[in-house]
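Remarks on the structure that follows.
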Amino acid sequence: MLVSLTVSDQPALVVGSDANAAAKARFLVDAGARVTVIAPTASADLTAMAEAGTVHLAARAPAPCDLIGVAVAIVAVEDETHARRLVGWARAARVPVNAVDRPALSDFSVPAVVRRGPITVGIASGGAAPALARLVRSRIDALLPERLGDLATFAARFRDAVKATVPTGRPRRLLWDRVFQGDIAERVLAGDEAGAAERMIGLINRPDQATPPEAGRGIVHLVGAGPGDPELLTLKAQRVLQAADVIFHDSLVDPRVLDLARRDATRVPVGKRRGAPGVGQAAIHDRMVAAASDGQRVVRLKGGDPFVFGRGGEEVAALEAAGIDVHVVPGITAALGCAAAAGIPLTHRDHASAVTLLTGQVQDGDAEVDPATLAGGDRTLVVYMGRAGASTLARRLIAAGVPAGRPVAMIENGTRPDQTIRTGTLAALPLLARQVGGGPVLIVIGDVVRAAPAWKSRTPSSAPAPAPSPVAAASIASAPIAFART
Ligand SMILES: C[S@@+](CC[C@H](N)C(=O)[O-])C[C@H]1O[C@@H](n2cnc3c(N)ncnc32)[C@H](O)[C@@H]1O
């Protein structure tokens, strides 16, 4: 049985001087207790807490009178006899006591907890497996939004008003369900308390309405799904995915990321596939506006980051113009994800002091791009969507004075199980581009490619690497690149 004890502003005692004592003292401080630690020789951690004023530290041996008037006591000492004596003193003073790592001596166990303001989640294993309880705690911690405590505090502000206006029982329960599972909670969790309060007041004043007043204005999250590996998703992205009613997703989004969404969420593919027309941008806007106006929680899931070659800016503008609230959840853009997966540092003290992200959809005669500047000596140039224009790009860079032997990496399906990394020179770029398969491709040009460890050039998973075609293999072999760590 897990029972919660309120120790807020109550005196609490910890006896012990090691890391266990410090951890338990911190636990009690976080719970709001006034903590005294008795430690003849305190650890640096405890001394720092005392100096910061979070605990009172008594550098002496404990005595029975230390237990008098205390709400709760923790015994964190190594010696069994000493621990038994201290537990005896606590019992005589009728103080509930926990002896660390000694469940048989303890009146209660200290659960692993996740705190979000007034919300506390406790995980107890009855002393059987504290390490497992801590693991469960970290999983729950990752799931709960950072602002959950703000939501609880927000609800507390309106409790009396709800009590006064909405009849107890089912109507009140329904109202709170609507608050916590709808747009109002979304706004608080997104940091928009003013907007949430405005809607809450509307809801309290018209609680009987079948359609809440906030429906019709809707909410959309533009979420960055990262380059593929679902573990690269942010915690916030996972949370909004799990709350979404409908998800409009690009074709680049890895199916494993979509698997993290709520099972019954509607998934709508709106991405362009190579050789297929796809849904037009204006139609995507219209569909998002329609779904959000219908009161649905909409996620627009985009590969990488929504604001890096993702048309996120246009979508935000269209949604705002339609009066829809829109929030952006950033993602790991392909340049960062692929570079990490390939072991290529985009900047490096010895090789590059600047990075440029460029779209490869360049044509001969495009005026706005100055290739020599972008791919100059101590710069790294990262090219998105560069497969089709690889020959043009290589020709323009070389014509502008970039050495033909400049190192190049071509990363296909970066961070995914079928990732492949091909390396060569700028002169060999067109050949490398012909060698890649049908997956998304990112090109990195610059001396930083030399800093990648050679083993990264293999596929990262058990998936076999596709055999290089003879022509590409020859061009790569002739590339004057030594893969040495610098
Ligand atoms: C329309 S852009 C979208 C970029 C995305 N918003 C981002 O921040 O990564 C699509 C291009 O991103 C690059 N890309 C995205 N995911 C990739 C991956 N896993 N591996 C290699 N390149 C990738 C490719 O150049 C692809 O053609």
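Residues that are part of a loop (DSSP other than H, G, I, E, B), surrounded by fewer than 21 Cβ atoms within 10 Å (Cβ to Cβ), without any contact (Cβ under 8 Å) to a residue 60 or more places away in the chain and among the hydrophobic types (A, V, I, L, M, F, W, C) do occur in the stretch 54-62, at least one of them. Candidates R91, R157, R170, R139: the one that is over 39 Å from the mean Cα position of the chain (by Cα) and open to solvent by 80 Å² or more (accessible area, probe 1.4 Å) is R91.
Of the residues V383, V328, the single one that is within 16 Å of the ligand (Cβ to nearest atom) and within 30 Å of D294 (Cβ to Cβ) is V328. Does P269 fit the bill of being within 24 Å of the chain's Cα centre (by Cα) and in contact (Cβ under 8 Å) with a residue 40 or more places away in the chain? Against the criterion (within 24 Å of the chain's Cα centre (by Cα) and in contact (Cβ under 8 Å) with a residue 40 or more places away in the chain), P269 does not qualify.
Among the residues of the stretch 37-48, those identified as crowded, with 21+ Cβ neighbours inside 10 Å and modelled with pLDDT of 90 or more are V37, I38, A39, L46. One residue is enough: does the stretch 390-407 have a residue meeting the conditions out of contact with any strand residue (DSSP E or B) (no Cβ under 9 Å at 6 or more places or on another chain), within 24 Å of L235 (Cα to Cα) and within 16 Å of the ligand (Cβ to nearest atom)? Checking the stretch 390-407: not a single residue is out of contact with any strand residue (DSSP E or B) (no Cβ under 9 Å at 6 or more places or on another chain), within 24 Å of L235 (Cα to Cα) and within 16 Å of the ligand (Cβ to nearest atom).
Every condition in (1) part of a helix (DSSP H, G or I); (2) surrounded by 24 or more Cβ atoms within 10 Å (Cβ to Cβ); (3) among the hydrophobic types (A, V, I, L, M, F, W, C) is met by I411 except one, and the failing one is (1).
Answer with yes or no whether T266 is outside the structural domain of V382 (by TED's automatic domain parsing), surrounded by fewer than 18 Cβ atoms within 10 Å (Cβ to Cβ) and in contact with a helix residue (DSSP H, G or I) (Cβ under 9 Å, 6 or more places away or on another chain). So T266 fits the description; yes.
Against the list (1) over 20 Å from Q242 (Cβ atoms); (2) at pLDDT 90 or above; (3) open to solvent by 80 Å² or more (accessible area, probe 1.4 Å), the condition V100 fails is (3).
Within the stretch 304-347, being within 19 Å of P417 (Cα to Cα), open to solvent by less than 20 Å² (accessible area, probe 1.4 Å) and not in a loop (DSSP other than H, G, I, E, B) holds for G304, A335, G337, C338, A339, A342. Within the stretch 344-356, residues that are assigned by TED's automatic domain parsing to the domain that holds M410 and within 15 Å of V408 (Cα to Cα) have Cβ atoms under 9 Å from residues that are in a loop (DSSP other than H, G, I, E, B) and of a type in the set (S, T, N, Q) in these pairs: T347/S353; H351/T486; V355/T347, counting only partners at least 6 apart in sequence or on another chain.
Checking the structure you have, find out if any residue of the stretch 303-317 is outside the structural domain of R379 (by TED's automatic domain parsing), away from the ligand (no atom under 13 Å from the Cβ), of a type outside the set (G, A, S) and touching a residue at least 24 places away in the same chain (Cβ under 8 Å). Among the residues of the stretch 303-317, at least one is outside the structural domain of R379 (by TED's automatic domain parsing), away from the ligand (no atom under 13 Å from the Cβ), of a type outside the set (G, A, S) and touching a residue at least 24 places away in the same chain (Cβ under 8 Å), which makes the answer yes. Take the conditions (1) in contact with a strand residue (DSSP E or B) (Cβ under 8 Å, 6 or more places away or on another chain); (2) closer than 20 Å to T415 by Cα; (3) open to solvent by 60 Å² or more (accessible area, probe 1.4 Å); P255 misses just one of them, which is (1). Picking from residues in the stretch 292-321 that are farther than 24 Å from G360 by Cα and basic (K, R), the one that is modelled with the highest pLDDT is R300. Within the stretch 112-151, the set of residues being in contact with a strand residue (DSSP E or B) (Cβ under 6 Å, 6 or more places away or on another chain), within 22 Å of I184 (Cα to Cα) and small (G, A, S) comprises G149 only. None of A283, A340 is closer than 26 Å to T380 by Cα, away from the ligand (no atom under 11 Å from the Cβ) and out of contact with any helix residue (DSSP H, G or I) (no Cβ under 6 Å at 6 or more places or on another chain) except A340. Taking the stretch 106-209 as the region of interest, the helices (runs of 4 or more DSSP H) fully inside it that hold 1 or more residues being without any contact (Cβ under 8 Å) to a residue 40 or more places away in the chain and closer than 30 Å to R91 by Cα are 130-143. Scanning the stretch 422-445 for residues that are buried (at least 24 other Cβ atoms within 10 Å of the Cβ), in contact (Cβ under 8 Å) with a residue 60 or more places away in the chain and within 12 Å of the ligand (Cβ to nearest atom) turns up L442, I443, V444.
Scanning the stretch 228-252 for residues that are within 13 Å of the ligand (Cβ to nearest atom), more than 14 Å from the chain's Cα centre (by Cα) and open to solvent by 10 Å² or more (accessible area, probe 1.4 Å) yields a count of 4.
The values are calculated or read from the model by the stated rules, or taken from the named source; none is laboratory data. Model, not experiment: these values are computed from the prediction. Positions of Cβ are generated from backbone atoms using ideal geometry, with glycine treated the same way; all protein chains shown enter the neighbour counts. Please note that ligands, DNA and RNA were not included when accessible areas were found on the heavy atoms of the full protein model with its side chains. Shrake-Rupley method; radii C 1.70, N 1.55, O 1.52, S 1.80 Å.
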